[in-house]
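Below is one structure, written out as structure tokens; comments come after it.
Bear in mind that the values in this text are calculations on the coordinates, not laboratory data. Everything quoted here is computed from the prediction, not taken from an experiment. Methodologically, a virtual Cβ is constructed for each residue, glycine included, from the backbone with ideal geometry; neighbour enumeration extends over all protein chains shown.
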Amino acid sequence: MKFNRRNFFVKMIQGAAVLSVPAALSTFLESCMKSSNPLDSGNTSSLTQIQGSISGNTVIVTVDSSSPLSKTGSAAAINYTNGQLLVDHPSGNQFTALSSICTHAGCTVSGFDSGSNQFVCPCHGSRYDLSGNVVQGPASQALPQYQTSFANNVLTIKI
Ligand code: FES
């Protein structure tokens, strides 16, 4: 091929097209990943975070009228030193505490679908009911559940 002005521009345009493919592909993949984020669907959002404290193997959380867990049907993530739990408040003085470690591949389950009352893992979309049972995979095992008690606005969880 002769090197002339025309060939120079043809090669330059071909080079620009080759360079723009990865950028376009990256944008496409990014938009696909965003739209498939399990926490972006329906009534699902990130759980409210509450700080608890730990003493031995007991996690302690104040649940008074200002707590995000005060209302029946509410759910939240309880953070404590070196850990996190999923807690929901099904009725009266009843609370359920679950491990927040997804049984599929160990991600932190951090979403809650208030329409279906399900905990949602952001990594691959596994869903668990309020007792920790798998509703939707890829997880196949339930979240471990911990014993709770509630008195005088204090929720106690044995881990
Ligand atoms: S780690 Fe939770 S669904 Fe995969």
- Message: If you average the C-alpha positions of the range 89-113 and of the range 43-65 separately, how far apart do those two centres end up, in angstrom?
- Response: 11 Å
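Would you tally the net charge around residue 120, using a Cβ to Cβ cut-off of less than 14 Å, leaving residue 120 out, and scoring K and R as +1, D and E as -1?
Net charge in that neighbourhood comes out at -3.
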